[in-house]
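Below you'll find the structure, written out as structure tokens, and then a few comments.
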Amino acid sequence: MRASRLLAPFAVVALGLTACSPIVGVEAAADAANPECASVMVSLPDLVAENELRETNSQATAAWGDPSQVVLRCGVAVPGPTTDACASVNGVDWIILEEEEVWRATTYGRDPAVEVLFDPNEVASSTILVDLGTAVSVIEQDSECLSVENELELP
């Protein structure tokens, strides 16, 4: 119950035509029509953190769980260099922002970027990012997160 309230600004549940399976309303990202997003969408798993995939009403979006526990949007703005927390999970770099009670994980070094919203008190971020890694990795990575331990070679 809590996650559906928290994700409400991002995913509004609307009843579908059959009233048996609600369709999740998710606002499409600016670059949702990018062909790379189509590749991600057809690669998405049926289960994320033990939540079933549900139908959404906009292009390049997905949601899992009833109520929605995980919401994905492909085609969000590509993040530039940042000092925000970045985690590498199975070869996919994610910038993770804690926003009140909802966390936002955005791929780093991939264009278009993929954003995932979830409540970390309801579902484990590590499980979500592992479950989505294969689908997201169809977008080629062109840069990666660096830490202070990384050495850079300057010209």
| said: Can you list residue pairs whose Cβ atoms sit under 6 Å apart, with the first residue in segment 126-140 being within 8 Å of residue 40 (Cα to Cα) and among the aliphatic types (A, V, I, L, M) and the second being modelled with pLDDT of 95 or more and not in a helix (DSSP H, G or I)? Count only pairs 6 or more apart in sequence or on different chains. | reply: 135/44; 136/92; 136/107; 136/114; 139/110
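Determine whether segment 53-66 contains at least one residue that is touching a Cys at 6+ places or on another chain (Cβ under 9 Å), in contact (Cβ under 8 Å) with a residue 60 or more places away in the chain and assigned to a strand (DSSP E or B). Break it down into steps so the answer makes sense when it comes.
Initially, segment 53-66 is screened for residues touching a Cys at 6+ places or on another chain (Cβ under 9 Å), giving 59-62.
From the residues that got through so far, the ones that are in contact (Cβ under 8 Å) with a residue 60 or more places away in the chain too are none.
No, that holds for no residue.
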| Residues in segment 75-108 that are under 19 Å from residue 28 (Cα atoms) and of a type in the set (Val, Ile, Thr): how many? | 5
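Does residue 7 satisfy being modelled with pLDDT of 95 or more and either aromatic (Phe, Trp, Tyr) or closer than 21 Å to residue 113 by Cα (or both)? Don't jump to the end; show me each part of the working.
Details: modelled with pLDDT of 95 or more: no; either aromatic (Phe, Trp, Tyr) or closer than 21 Å to residue 113 by Cα (or both): yes.
Criteria not met by residue 7.
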| remark: Going through (1) surrounded by 15 or more Cβ atoms within 10 Å (Cβ to Cβ); (2) in a loop (DSSP other than H, G, I, E, B); (3) without any contact (Cβ under 8 Å) to a residue 24 or more places away in the chain one by one, residue 103 fails only at (2)
| query | Looking at segment 74-92, which of its residues are touching a strand residue (DSSP E or B) at 6+ places or on another chain (Cβ under 6 Å) and not in a loop (DSSP other than H, G, I, E, B)? | reply | 74, 76, 86, 87
| Any chance segment 114-125 includes a residue that's in a strand (DSSP E or B), of a type in the set (Asp, Glu), at pLDDT 95 or above and under 13 Å from the mean Cα position of the chain (by Cα)? | yes
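The values are calculated or read from the model by the stated rules, or taken from the named source; none is laboratory data. All values derive from a computational prediction rather than experimental measurement. Neighbour counts run over all protein chains shown; Cβ positions are idealised from the backbone, glycine included.
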